[in-house]
Amino acid sequence: MDDRPHKAHRPAQSGAKADKKGKGKEKQKGFNEKAFAPRSGRRADQQGRRNAERDQTRLHVPLVNRTPDDLPPPVIVAVVGPPGVGKTTLLKSLVRRYTKQTLNDVKGPVTVVSGKNKRLTFIECNNDLNSMLDIGKVADLVLLMIDGSFGFEMETFEFLNILQSHGFPKVIGVLTHLDLIKKAATLKTTKKALKKRFWTEIYQGAKLFYLSGVLNGRYPDTEILNLSRFISVMKFRPLIFRNSHPYLLADRLEDLTPRELVRTSKGKCDRIVTLYGYLHGTNLRYGTKVHVPGVGDLSVKSISLLGDPCPLPDAASEKRRKLSEKKKLLVHAPMSDVGGVVYDKDAVYINVPGSFTRGNTDVPQGEGEQMVMDLQDAGTTLDDAVSRSQIRLFGSSSKPIVVDKSPDGDASDQGDDDEGETEEDEDDSDSAAGSSADDEEPEWSDEDGEEEMDDAEGQPTNTGRSAPRTVLRSLRTSFSTQAREDVAYAESDSDLGEDEDDRRVHFDDGEEADIPSGDDEDVMDEEDEEAVPHWKSNLASKAKEGFLQSRQNRKRDWTKLIYSSQLTPQQILHDDSQSTNDDKANEEDEEFFTVKSRNFLTEDDEVLDMTKEVTREEDLKEWEDEDLLDSLRKCFITGGGGEDADGHDEGYEDVEGDDFEDLEANEEHLDENGAGTSKLKPKSTGHESARAAALAAKKEALKRKFDEQYDDPEESKTDFYEEKKVEINKQLQLNRAEFEDVDAESRALVEGYRPGSYVRIELDDVPCEMIEHFDPSYPIVVGGLLPAEERFGYIQVRLKRHRWFTRVLKSNDPLILSLGWRRFQTVPIYSLDDHSIRMRMLKYTPEHMHCYATFYGPVATPNTGFCAFNSISDETPGFRVSATGVVLDVDRSVKIVKKLKLTGVPYKIFKNTAFIRDMFNTALEVAKFEGANIKTVSGIRGQIKKALSKPEGAFRATFEDKVLMSDIIFLRAWYSIQPRKFFNPITSLLLSDKSRWSGMRLTGQVRRDEGIKTPSNINSTYKPVDRTPRRFNPLKVPNKLQAALPYASKPKLMRAQKQQTYLQKRAAILEPEEKKAIALLQQIRALRKDQVTRRREKQEERKSVHRKKVEKEEAKKDEKDKEKRKEYMRIAGAKSKREAELEEGGRRKRRKT
């Protein structure tokens, strides 16, 4: 029987049991509203209020998001944690996940493309408090790494407090080293405990990821994939401080100081440094002062917009939903070894992997390695190579182009006369190779162009090609004026865009300028026209057509023409917004075959007004219509009435612009015969249809608005939150529409460089220690300062000592503050509001209370958070964040007062008047305090009346009662104090060991560090107090008064008897029997006393044993009572819990009746 297999269970397919189960399943599918409905109306009201409060807690104050939607800046993701927790491994794993590239040495920011419209900048924060402060101010997302096998460390809690003070960004927890915990139960308990503590510090429900172990130097791909997906879809809310300040996380640094200046000053001169990075926050305007934390306030010499080194994929290249593999390979990490190239200070290092020998020709070398060796072998500079180079335009050219370094900079080389080729004049020795250099290295010219202009103004520089190159050639012709005229040729008719005829305009200063005219004038002889090819024929008419077309399509930049003070009248007339030198260099580089010259015509030629648009003859014929002119007369003051005799409006509001047109009104007016006549020419059908569609949409919107207000006016109203969001979005749309048609250069001048732009910021007067001690592992943040933040003053803040900081803070002790972008040391004074009467100074910060602090330092806007430290050294034990607070006011005029007690003693006492001395020194001081309230130690109040002539400083005072000579008189006064003007910026980036910065120390700390003993003052040492006992006179009552007093009140004092009594005088002599009896009694008493003592000792021993036994029984009884109470409370708690669940509408089993 046991060997038989068990029969499989067959569920019932039909019958009562199957029907019963089916009904149960059907009930489970539906939602039972009655089960979750509250039983009482009060409960329903409470639940509704609770839901409304929960919805309101999710809402935040709407803030303007200044991040552009088209090109947002990269999201800064900071990897933070204590040393040895796996920060570098996580960063390498994430970069490998996004870019499929492995970084060997991670230094500085690493920017990758994570999506169609999102980029990430990863940066590792080392275990330094300065780095934590800088990263906490700029990070959008923090990956907080925690060692799961060890737990939370002090640096983690310090960084969380820093984040709370400077605006809390998004935080994701990452648990590592979980593979070191072998037991599953221990691992589960550890995860639960760490998650609970993490939720306590961040918020309930904060995301926490678990990384089990390391495989091949990286974390598992599945876990990194989950983390990267969560990072890619996160949305970020703008923080107030970052939303009002521009800032930049530098990913590259260069030193542009001339090498000769560095050599002559032995490296101690101030440097010119350029920083590269993406802009964040708000717009950065030129002229804004910046602060580099760890260096100080610096002035911006120039800002230039560069090409994006890690661009987002455009819509044309990314048609698919997922990001292409080509775009995934983009990674921008100049300080790391991406591709074997590392940027370090002012040098670029190219790493060739493997063994590399220059002289070894047997080993095959790649193209890149060969280029590096060619660069090392180069013995001449580019200028020397260009000056010795020869260029032949065509293979049939007899003479090459040679650069002539003549003083006037003009060199012309002629070819064969038969071919009619004339080479271009060279104004600069570098112009011959300018076009090729632009094609090969476009970013060099962008970066170095500004320095060349600053160093040598007036010399032509290459600023890059802004339009496609147009190949032009010029013919040499002979004129009587020995002038050369430009004749342009091109490969096609569309390449010709300028007229070749020049005219001249005279200015007030006597200068003459040539401008092109629109007249037809042939530039070649008739006999030469027959010999030229077909495409060269009719060049003058084609040039005129091209010129007229370009005049119509050209848009003038009136902002530059009106407000630019660098343009000459000739340049304004020519609509030339760039400098003449730049035009020369650009045109010589771009239009390789053009000879720049001008025709000097006679003064009688016609002067063409270049500020007006060229009018066409067809446009002028429209104004020959008399009906049109009559319709416009009413628009002028002298034009007569606005209506005709019949009362009809016969004019048009706007003829040219057609800004307004009433489509509902009849476009045709009936004349006397009833025929329809139109006042204007009919418009195009497309234009009319667009106007009709716009008007119909407007009517529809008005009708919908009317319906909403008529049907239910309350539904159309939105709440405050939605209304503010709509208002913010509307303002953003207005701002975008305002600058939509403005070019990038003018827009940068007006509103600054937008966030998301990759810029190059040049800073001057940078301390040389920043370059000498540069370390890429420490972040460099460039924070823009508001105009108000550049000045210094007294700042009042609300401050609270951190509950984990062990010591109290003392007034006038140095304190390190992290406020705004700055980190500095100052000396605060703590105070408290004394019943809104005065600001009373505190010697120490109160326990578990906020207080006020006033200090001298750089001005910060109100509501700016800050955190304070006593020391930022890594060797400081314990919790280093000493206080946190917020800025209240700047340069407040309220005085801080401190209590002052003056003491004096009376030297002559009358009934209620006394003369007091030793309180003041002169009569002038007494006069200042006349009328002040004084008080004795015993509580007798008084007032200062008048100064006395002698002794000096004594005064007369009145009291409410008679004072004693032993009383001490107090004067309670208030003394106004001012905080010290002490400001010491933290320049940690200027040190070789950046964690060893030390500021002002206290006297005790200096003595302890130097081993100096504290000097002792003899008068301050404690001495034994010798107090002589006071002798009081006896109470003497007169005899007459004693006689009048009753017996009970009469004094009962009896004098001591001086004489001996009779018994004292006589001595008692005992008999022998009496002596024996007394001795026996004494012996009996001694034996009795000894017996009683021994009996008490025995009894005490028995009592101690009994007492121990009783204590054990009481302990057992207490344990039983405790268990009974716990069981009772457990049952009572379970019962109350069930009752609460039943009241809340929980499930309840129904009893069958």
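The values are calculated or read from the model by the stated rules, or taken from the named source; none is laboratory data. What you are looking at is a predicted structure, and each value in this text was computed from that prediction instead of being measured. In this analysis, Cβ positions are derived from the backbone assuming ideal geometry, glycine residues included, and neighbour counts consider all displayed protein chains. The area values use the complete protein model at the heavy-atom level, side chains included, leaving out ligands, DNA and RNA. Shrake-Rupley method; radii C 1.70, N 1.55, O 1.52, S 1.80 Å.
Some points to look at:
- Chain lengthening between residue 983 and residue 687 when straightened (0.36 nm per residue, less Cα-Cα): 99.8 nm
- Efficiency of FRET from Cβ geometry, residue 232 and residue 733, R₀ 35 Å, rounded to 0.05: 0.80
- Relative protection proxy for 731-738, 774-781, from highest mean packing down: 774-781, 731-738 (other beta-carbon atoms within 10 angstrom).
- Once the C-beta distance of residue 1057 and residue 1084 is scaled by a Förster radius of 35 Å, the resulting FRET efficiency is 0.40 to the nearest 0.05.
- Sorted peptide list for 824-831, 214-221, 720-727, 66-73, criterion being average Cβ within 10 angstrom, highest first: 824-831, 66-73, 214-221, 720-727
- Heavy-atom accessible surface of the stretch 75-233: percent carbon and sulfur, 1.4 Å: 53
- Flagged links, alpha-carbon separation over 30 Å, of 195/1116; 92/118; 908/1040; 118/725: 195/1116; 908/1040
- At a probe radius of 1.4 angstrom, the accessible area of the stretch 75-233 per residue rounds to 39 square angstrom.
- In this simple spin-label model, placing a label point 7 Å from the Cα along the Cα-to-Cβ direction at both residue 1114 and residue 910 gives a separation of 7.1 nm.
- Listed peptides 1007-1014, 834-841 by packing density, highest first (mean Cβ within 10 Å): 834-841, 1007-1014
- Legend: residue pairs 810/898; 87/116; 137/810, Cα-Cα distance threshold 18 Å; pairs beyond threshold, 87/116; 137/810.
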